[in-house]
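Engineer: Encoded as C-alpha cells, here's the structure I'll be asking about.
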Amino acid sequence: MRIACFSTKNWVRESFERANEGAGHEITYLEASLDETTVSLSEGHEAICVFVNDVVDAKVVQGLADREVRCVALRCAGFNNVDIQRAHELGITVVRVPAYSPHAVAEHALGMMLALNRRYHRAFNRIREQNFSLEGLLGFDVHGKTVGVIGTGKIGRVFCELVRGFGCRILAHDKYPDEELRDAGVEYVELEPLYQASDIISLHCPLTHETYHMIDENAIRTTKEGVMILNTSRGALVDTGAVIDGLKSGHIGYLGLDVYEEEGDLFFEDLSDQVIQDDTFVRLQTFPNVLITAHQAFFTREAINSIAEVTLGNISEVAAGEEPSNLVSPDMVASS
Ligand code: NAI
C-alpha cells in the first residue's frame, strides 16, 4: 500500500524502514502531524499511519474519505484520538498495535516512582553543582507501602508484578479483575477505598468518557496526605488544575507524569528556544516534587521494533482484504 506516515521522527523512519524490508509498502514520511490543516497531505495514499497526538476527529476522517484513504493505522495502543464511529461509517478501517511492550511502560512508571521518592532528578543536578548536601532528599522505604493500581490490563499487570517484588500491598481497581493477580495476592477494591489507603497510585487504564479526569478535586480529597500519583496512561485521566491545587496545598506529595492533557502542543518537539505559552504546564514544572517525561514510557528498542512490525503487518492484512487481527471497531469504543 501507499502509506502517508504522519508525525515522523528519526526513530519512526528507521524502525519502519527496517520492518518494511519484508513488507514492501511504499511509505511517504511526513514530519507534519495530522489535523484538519494537514489532511490534504494524505492525497494519493491508501493508508495513513498516525501516533498518539495526531488528530483524527470527524472532520479529518471526512477529509481522509474524500481522498480515498481506506486505512488508518495507529502506531500505538490507545485510540481516543480517532473518531472510530465516523471512520466505520465512511468505510475506513482503523487498526492499532494493542501491545508492544507492556514492560516498557510499567518499568518507566516504576522508574518514576523511585526517582520521585529518592529525588534522583534533584540529586543529579546537585552533584553537578558540587552540592553534596542531603537536605531535602529524604525518601521512604517502598517496602511495606500500599500501592493502588487503576487498570490491570497488560501494563497494569506488569506494574503489579514489579511492585510486588518490593514487598508492597497492592490494591487494584478494574472493570474486569484479573483472577491470576487476585490469586497472587492483589486485592481488588472500589476506587474510593483504593484512594483512601494507597501511598502510591499508578494509572494504567485507557482514556474514555468514564475515566476522563478521574483524578479530580474529589478524588484528590479522598487520597492520603502526601500521596504519590503516577500517570503513564493518558493525560486527561488527570485534571491538571486539581493536581496543581493538591501540590500547592502539600496534599499531593509527589507527581509523576509521562502524559499531559495538552501534550499535543508540546511533546515530541524540541521547543528549547521558544517561550512556552501553556501556563498550566509551566506551573507544573516549578514544583520540586513533580517529575515530567514527554510521553517516553513506551520508548524502548523492543517496543519500537514491535510497533513498526505490527503496524505494517496490520496494513498488509488490510491490503490483502483480510479481516485485520488488530481492528478497532465501534463496539470497542462503546465497551471501553
Ligand atoms: P489494556 O487494554 O491491556 O488494559 C487496560 C485496563 O484498563 C483493562 O484491564 C480495562 O478493563 C481497564 N479499564 C478500562 N476502563 C476502566 C475503568 N473505567 N476503570 C478501571 N479500569 C478500567 O491496556 P494497556 O496495554 O495495559 O495500556 C493501558 C493504557 O496505557 C493505554 O490505554 C494507553 O492509554 C496507555 N499507554 C501509554 C503509553 C506511554 O508511552 N505512556 C504506551 C502504551 C499505552
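The values are calculated or read from the model by the stated rules, or taken from the named source; none is laboratory data. Keep in mind that this is a model prediction, so the values were computed, not measured. As a convention, Cβ positions derive from the backbone with ideal geometry for all residues, glycine included, and neighbour counts pool all protein chains shown. Ligands, DNA and RNA are stripped out before the accessible areas are found, and what is left, the full protein with its side chains, is counted by its heavy atoms. Shrake-Rupley method; radii C 1.70, N 1.55, O 1.52, S 1.80 Å.
Engineer: Can you find, within the stretch 106-148, the residue that is nearest to Gly253 (Cα to Cα) among those that are in contact with a strand residue (DSSP E or B) (Cβ under 7 Å, 6 or more places away or on another chain) and aliphatic (A, V, I, L, M)?
Structural biologist: Leu116
Engineer: For the stretch 161-190, which residues satisfy the criterion of being within 12 Å of the ligand (Cβ to nearest atom) and under 20 Å from Leu110 (Cβ atoms)?
Structural biologist: Across the stretch 161-190, the qualifying residues are Ala172, His173, Asp174, Asp178, Leu181.
Engineer: Please give the number of the condition Leu181 fails out of (1) under 23 Å from the mean Cα position of the chain (by Cα); (2) surrounded by fewer than 21 Cβ atoms within 10 Å (Cβ to Cβ); (3) farther than 26 Å from Gln296 by Cβ.
Structural biologist: Among (1) under 23 Å from the mean Cα position of the chain (by Cα); (2) surrounded by fewer than 21 Cβ atoms within 10 Å (Cβ to Cβ); (3) farther than 26 Å from Gln296 by Cβ, Leu181 violates only (2).
Engineer: Name every residue in the stretch 132-144 that is under 13 Å from Asn117 (Cα atoms), surrounded by fewer than 18 Cβ atoms within 10 Å (Cβ to Cβ) and free of Cβ contacts under 8 Å to residues at least 60 places away in the same chain, in order of residue number.
Structural biologist: Of everything in the stretch 132-144, those that are under 13 Å from Asn117 (Cα atoms), surrounded by fewer than 18 Cβ atoms within 10 Å (Cβ to Cβ) and free of Cβ contacts under 8 Å to residues at least 60 places away in the same chain turn out to be Leu137, Leu138, Gly139, Phe140, Asp141, His143.
Engineer: Can you pull out the residues in the stretch 153-176 that are outside any strand (DSSP E or B) and either open to solvent by 50 Å² or more (accessible area, probe 1.4 Å) or under 21 Å from Ile220 (Cα atoms) (or both)?
Structural biologist: Of everything in the stretch 153-176, those that are outside any strand (DSSP E or B) and either open to solvent by 50 Å² or more (accessible area, probe 1.4 Å) or under 21 Å from Ile220 (Cα atoms) (or both) turn out to be Lys154, Ile155, Gly156, Arg157, Glu161, Leu162, Arg164, Gly165, Phe166, Asp174, Lys175, Tyr176.
Engineer: Can I ask one more? Out of curiosity, is Glu89 touching a residue at least 24 places away in the same chain (Cβ under 8 Å), surrounded by fewer than 19 Cβ atoms within 10 Å (Cβ to Cβ) and among the acidic types (Asp, Glu)?
Structural biologist: no
Engineer: Residues that are in contact with a helix residue (DSSP H, G or I) (Cβ under 8 Å, 6 or more places away or on another chain), of a type in the set (D, E, K, R) and open to solvent by 70 Å² or more (accessible area, probe 1.4 Å): which helices (runs of 4 or more DSSP H) entirely in the stretch 273-336 hold 2 or more of them?
Structural biologist: Values: elements: 279-285, 301-319, 330-335.
Passing ranges, in order: 301-319.
Engineer: Only one of these is within 14 Å of the ligand (Cβ to nearest atom) and charged (D, E, K, R): Glu107, Glu68. Name it.
Structural biologist: Glu107
Engineer: If you take the residues in the stretch 234-247 that are within 16 Å of the ligand (Cβ to nearest atom) and open to solvent by 20 Å² or more (accessible area, probe 1.4 Å), which one is nearest to Met113 (Cα to Cα)?
Structural biologist: Taking the candidates together, the pick is Arg234.
Engineer: In addition: Just one of the numbered conditions (1) surrounded by fewer than 16 Cβ atoms within 10 Å (Cβ to Cβ); (2) within 16 Å of the ligand (Cβ to nearest atom) is not true of Gly250; which one?
Structural biologist: Gly250 satisfies every listed condition except (2).
Engineer: Further, regarding this structure: Among the residues of the stretch 191-213, count how many are among the hydrophobic types (A, V, I, L, M, F, W, C), buried (at least 21 other Cβ atoms within 10 Å of the Cβ) and within 16 Å of the ligand (Cβ to nearest atom).
Structural biologist: Qualifying residue count, the stretch 191-213: 5.
Engineer: Return a yes/no flag: does the stretch 221-228 have any residue that is within 15 Å of the ligand (Cβ to nearest atom), crowded, with 20+ Cβ neighbours inside 10 Å and among the hydrophobic types (A, V, I, L, M, F, W, C).
Structural biologist: No.
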